[in-house]
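Following: one structure in structure tokens, then a few remarks.
The values are calculated or read from the model by the stated rules, or taken from the named source; none is laboratory data. All values derive from a computational prediction rather than experimental measurement. Methodologically, a virtual Cβ is constructed for each residue, glycine included, from the backbone with ideal geometry; neighbour enumeration extends over all protein chains shown. We work out accessible area using only protein heavy atoms, side chains counted, and drop any ligands, DNA or RNA first. Shrake-Rupley method; radii C 1.70, N 1.55, O 1.52, S 1.80 Å.
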Amino acid sequence: MTPITYELIKTCKQTGARLGKVHTPHGSFDTPMFMPVGTLATVKTMSPEELEDINAKIILSNTYHLWLRPGEDIIREAGGLHKFMNWDGAILTDSGGFQVFSLSDMRKIKEEGVHFRNHLNGEKLFLSPEKAMQIQNALGSDIMMAFDECPPYPAAYDYMKASVERTSRWAERCLEAHARKDEQGLFGIVQGGEYEDLRKQSARDLTSMDFPGYAIGGLSVGEPKEIMNRVLEFTTPLLPDNKPRYLMGVGSPDSLIDGAMRGVDMFDCVLPTRIARNGTCMTSNGRLVVRNAKYAHDFSPIDENCDCHVCKNYTRSYIRHLIKCNETFGFRLTTYHNLYFLLKLMEQVRAAIAEDRLGDFKETFFEQYGFNQPNAKNF
């Protein structure tokens, strides 16, 4: 029996969005869900206890980075990633494919895998579907990702077609190499860029392999939001209703709502933590750059409509001071708030789906946040 199962609870009559629950060996979580990113076995500046406080049920860690530091053997020796980082909730690990293609130089893509150089020291490395499975089996994550090719955007049709076919062959090899099928679930990744026929081919190939869940890759890589939404509209219906759907690398509030409306269950992104370290906060009234001079004498919370620990106890003025002085505590406060904001947003999305009003919720949220304004600033 697969260790990852999905329970469809309700479909929103207004939008078709899905309310569900994913069950894992380390607990269940309601969907749609945003997953904070803990690249190196830590969500930057956040403790596991704080993640529990904000109701994070699943976090993401990165196979490529953990392979380089500290190495999968040390994590295996520690008893797996959960024990290593003292996290009792679910963990998803990506396969390392995105980092190989985005961070590393001198890439050579072969049928057997990818030859490239370590982005830290230039050392020659090789990552294959089999190696990606070996590393993730050692890490012991609840959800593993198949090793895929991550083509650039935009990519020519012929290149993308060959890439999709290679990703399907690599997915088969991942299934064969997966050594802990009763303990860890493995998701396939649908590729194909903006080409509808290639997305169909990729989805057809992968669903025939009967993965316990499916990710939609190759989006949020520089394409306009309109293209991402259009691709989701013709891709998610190709995926099984009884399995979770994961949109990789998406974390802006508008894209979370748009993705949920198009049938996506799971999201992840470094966006909320990365912008927090630059002093940018998500609020119910839009984007707020707390490091700006106009907040030096502002003793109100980041967001007066937020009930997180930060907004209850600290002011814009104080947080601005910390960030201007490069104090780590300031980054911790803005990170805590941003993650809380997105997890609370997903709670509101789930409530709206349950009450068949997600379309109305989107309209109100977009208006209040400022997404409907001409030339609206995003992240």
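Within the range 79-131, which GluC sites (Glu not before Pro) sit in a loop by DSSP and count at most 14 neighbouring Cβ atoms inside 10 Å? Here the sparse-neighbourhood loop sites are Glu111, Glu112, Glu123. Comparing Thr335, Thr15, Thr31 in a Gaussian network model of the chain where C-alpha atoms under 10 Å apart are linked, the largest mean-square fluctuation is found at Thr15.
Taking only protein heavy atoms and a 1.4 Å probe, the accessible area of the range 199-308 is 46% carbon and sulfur. Each label was represented as a point 7 Å from its Cα along the Cα-to-Cβ direction; for Glu233 and Asn118 these points are 4.7 nm apart. Derived scalar couplings between HN and Hα for the range 197-205 equal 5, 6, 4, 5, 4, 5, 5, 5, 4 Hz in order, rounded to whole Hz, by the Karplus curve 6.51 cos²θ - 1.76 cosθ + 1.60 (θ = phi - 60°), x for Gly and Pro. R0 = 22 Å: FRET efficiency of Asn292 with Lys225, Cβ-based, nearest 0.05? About 0.30, to the nearest 0.05. A probe of 1.4 angstrom, applied to the heavy atoms of all protein chains, finds Glu172 with accessible area near 100 square angstrom.
Computed from the C-beta positions of Asp73 and Arg107 and an R0 of 22 Å, the FRET efficiency is 0.30 to the nearest 0.05. For Met33, nonlocal amide neighbours, meaning residues 5 or more places apart or on other chains whose placed amide H falls under 5 Å from its own, are Met266, Phe267. For the chain, averaging the sequence separation of C-alpha pairs within contact (under 8 Å, six or more residues apart) and dividing by the residue count gives a relative contact order of 18 percent.
Largest accessible area first, the listed residues Lys21, Lys13, Lys57 line up as Lys13, Lys57, Lys21 when surface is computed with a 1.4 Å probe on the assembled protein chains.
Approximating the spin labels as points 7 Å out from Cα along Cα→Cβ, the Glu49-to-Lys181 distance works out to 4.2 nm. Amide H contacts of Gly96 (H built 1.01 Å from N, in plane; Pro and chain starts excluded): Thr63, Tyr64 sit under 5 Å, all sequence-distant by 5 or more or on other chains.
For the range 121-154 and the range 11-86, compute the distance between their C-alpha centroids and round to whole Å. The distance from the Cα centre of the range 121-154 to that of the range 11-86 comes to 17 Å. Hey, any idea what % of the range 18-99's accessible area is carbon plus sulfur with a 1.4 Å probe? Exposed carbon and sulfur together represent 48 percent of the surface. Ligands, DNA and RNA aside, Asp182 has an accessible area near 120 Å² when probed at 1.4 Å. Estimated from helical segments only, the mean residue ellipticity of the chain at 222 nm is -12000 deg cm²/dmol, where each DSSP H run of four or more residues counts as -39500 (n - 2.57).
Residues Tyr318, Tyr295, ordered by accessible area of protein heavy atoms at a 1.4 angstrom probe radius and largest first, appear as Tyr318, Tyr295. Computed with a 1.4 Å probe over protein heavy atoms only, the accessible surface of the chain comes to 42 Å² per residue.
Output the pairs from Lys161/Lys200; Lys294/Lys362; Lys21/Lys200 with a Cα-Cα distance over 18 Å in this structure; if there are none, say none. From the list (Lys161/Lys200; Lys294/Lys362; Lys21/Lys200), the Cα-Cα distance tops 18 Å for Lys294/Lys362; Lys21/Lys200. Across the range 24-37, computed HN-Hα scalar couplings (Karplus, 6.51 cos²θ - 1.76 cosθ + 1.60, θ = phi - 60°) run 10, x, 10, x, 10, 9, 7, 10, x, 9, 9, 10, x, 9 Hz from first to last residue, x flagging Gly and Pro. Applying a 4.7 Å Cβ-Cβ cutoff to the chain, the cysteines left without a disulfide-compatible partner are Cys12, Cys150, Cys174, Cys269, Cys281, Cys308, Cys325.
Extent along the principal axes, Cα only, for the range 251-379: 45, 28, 24 Å, with the longest axis given first.
Give me the accessible area of His65, 1.4 Å probe, in Å² rounded to the nearest 10. The accessible area comes out at roughly 30 Å².
Close amide-amide hydrogen proximity is noted between Thr5 and His23, each under 5 Å apart and 5 or more residues distant or on a separate chain (H modeled in the peptide plane; Pro and chain starts excluded). In order along the range 340-353, the Karplus-derived 3J(HN,Hα) couplings, from 6.51 cos²θ - 1.76 cosθ + 1.60 at θ = phi - 60°, round to 4, 4, 6, 5, 5, 4, 5, 4, 5, 4, 5, 5, 5, 5 Hz, and Gly and Pro are given as x. Distance from the Cα centre of the range 270-333 to that of the range 199-255, in angstrom? If you average the Cα positions of each part, the centres end up 33 Å apart. Gain on full extension, evaluated as 0.36 nm per residue between Leu40 and Lys83 minus their Cα-Cα distance, stands at 14.1 nm.
When Arg204, Arg262, Arg69 are compared by accessible area of protein heavy atoms, the largest-first order is Arg204, Arg69, Arg262, using a 1.4 Å probe. Relative to the Cα centre, the charge distribution of the chain, modelled as +1 at Lys and Arg Cβ and -1 at Asp and Glu Cβ, gives a dipole magnitude of about 840 debye. Across Asp254, Asp158, Asp205, mean-square fluctuation computed from a Gaussian network of the chain (C-alpha pairs under 10 Å connected) peaks at Asp158. Considered as an equivalent ellipsoid built on the Cα gyration tensor, the chain has semi-axes of 32, 25, 20 Å, the largest given first. The C-alpha atoms of the chain define a longest principal axis, and helix 225-235 lies at about 50 degrees to it.
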